[in-house]
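K.L.:
Below: one structure in structure tokens.
The values are calculated or read from the model by the stated rules, or taken from the named source; none is laboratory data. Owing to the predicted nature of the structure, the values given are computational and were not obtained by experimental measurement. Here the Cβ positions follow ideal geometry from the backbone for every residue, glycine too, while neighbour counts run over all protein chains shown.
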Amino acid sequence: MDDHTDPAARAAALLRDHRASIDRLDAIIVYTLAERFKHTQSVGRLKAEHDLPPSDPAREAQQIERLERLAREADLDPEFARKFLNFVIAEVIRHHETFQS
């Protein structure tokens, strides 16, 4: 049997392809988060310069609602999306608080 008909070889090739895609997507996630944090750090500096609070609960609630909707549209668990955004928001607020001191 050649690699095209051997089920184990086909499975190994598919696994390699999936893992390569996962690796590319992980890189996209990391670079996207880095870009997002560049913007949120600029927001944090602006807030500090103008004595605005580091947290904006109304904006955060809107963002969580929006992300949950996007998650449902993308067939991603909205609860996971909410937890992920809450984690990111907590990190952003922590950064903003450092600009306040």
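K.L.:
Looking at the range 62-76, which of its residues are free of Cβ contacts under 8 Å to residues at least 12 places away in the same chain and either of a type in the set (D, E, K, R) or crowded, with 16+ Cβ neighbours inside 10 Å (or both)? Quick ask: steps written out before the conclusion?
P.N.:
First, the residues of the range 62-76 that are free of Cβ contacts under 8 Å to residues at least 12 places away in the same chain: 62, 65-66, 69-76.
Matches in the range 62-76: Glu65, Arg66, Arg69, Ala71, Arg72, Glu73, Asp75.
K.L.:
In addition: Please work out which one of (1) part of a helix (DSSP H, G or I); (2) surrounded by 12 or more Cβ atoms within 10 Å (Cβ to Cβ); (3) free of Cβ contacts under 8 Å to residues at least 24 places away in the same chain is the condition Glu79 fails and give its number.
P.N.:
In the conditions (1) part of a helix (DSSP H, G or I); (2) surrounded by 12 or more Cβ atoms within 10 Å (Cβ to Cβ); (3) free of Cβ contacts under 8 Å to residues at least 24 places away in the same chain, Glu79 misses (2) alone.
K.L.:
Okay, moving on. List the number of the failed condition for Ile22; all other conditions in (1) assigned to a helix (DSSP H, G or I); (2) touching a helix residue (DSSP H, G or I) at 6+ places or on another chain (Cβ under 9 Å) hold.
P.N.:
Every condition holds for Ile22 apart from (2).
K.L.:
Can I ask one more? Considering only the range 51-61, I want to know if a residue exists there that is assigned to a loop (DSSP other than H, G, I, E, B) and in contact (Cβ under 8 Å) with a residue 24 or more places away in the chain. Reasoning before the result, please.
P.N.:
Step one: of the range 51-61, the residues assigned to a loop (DSSP other than H, G, I, E, B) are 51-56.
Retained after the next criterion (residues that are in contact (Cβ under 8 Å) with a residue 24 or more places away in the chain): 54-55.
Yes, that holds for at least one residue.
K.L.:
Same structure, new question: Only residues that are among the hydroxyl-bearing types (Ser, Thr, Tyr) and surrounded by 12 or more Cβ atoms within 10 Å (Cβ to Cβ): list them for the range 13-58, please.
P.N.:
Initially, the range 13-58 is screened for residues among the hydroxyl-bearing types (Ser, Thr, Tyr), giving 21, 31-32, 40, 42, 55.
Within the range 13-58, Thr40, Ser55 meet the criteria.
K.L.:
Another question about this same structure. Please state which one of Arg59, Arg69, Arg24, Arg19 is of a type in the set (D, E, K, R) and at pLDDT below 95. Spell out the reasoning first.
P.N.:
Values: Arg69 fails: at pLDDT below 95; Arg24 fails: at pLDDT below 95; Arg19 fails: at pLDDT below 95.
Criteria check complete, one pass: Arg59.
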